[in-house]
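One structure below.
The values are calculated or read from the model by the stated rules, or taken from the named source; none is laboratory data. Since we're looking at a predicted model, the values are computed, not measured. All Cβ positions, glycine included, derive from the backbone under ideal geometry; neighbour counts span all protein chains shown.
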């Protein structure tokens, strides 16, 4: 333990120098990440940092905070989206299956009730 402030500061500086000299982080590679976003969904987005930055490999959500949604295309004929149709069909299948299951169960216990 060193209680003298000047000696302690010198000790900390020597430790920092040792850390710097030994290079405790050995970077093996800098991957060239390919990042993309859908321009039909996002009009513009700012990378972080702005000059040669990235979208995904960052510590935060700042790029996505700057995203501007693209204008919706009005070329659809007013039809439902595929997800809505699939959801409705799945719901109908579940309801019909549940009804068939309960009907069969009720029919099988009819003898027990009489």
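Scan segment 13-27 and report the pairs whose first residue is within 23 Å of residue 2 (Cβ to Cβ) and whose second residue is at pLDDT 85 or above and not in a helix (DSSP H, G or I), with Cβ atoms within less than 6 Å and a gap of 6+ or a chain change.
none
Between residues in segment 59-79 that are surrounded by fewer than 10 Cβ atoms within 10 Å (Cβ to Cβ) and residues that are modelled with pLDDT of 60 or more and assigned to a helix (DSSP H, G or I), which pairs lie under 9 Å by C-beta distance while being six or more apart or on different chains?
Close Cβ pairs satisfying both conditions: 79/85.
Need the failing condition index for residue 39 against (1) surrounded by 10 or more Cβ atoms within 10 Å (Cβ to Cβ); (2) part of a loop (DSSP other than H, G, I, E, B); (3) at pLDDT below 80, just the number.
Result: residue 39 fails condition (3) only.
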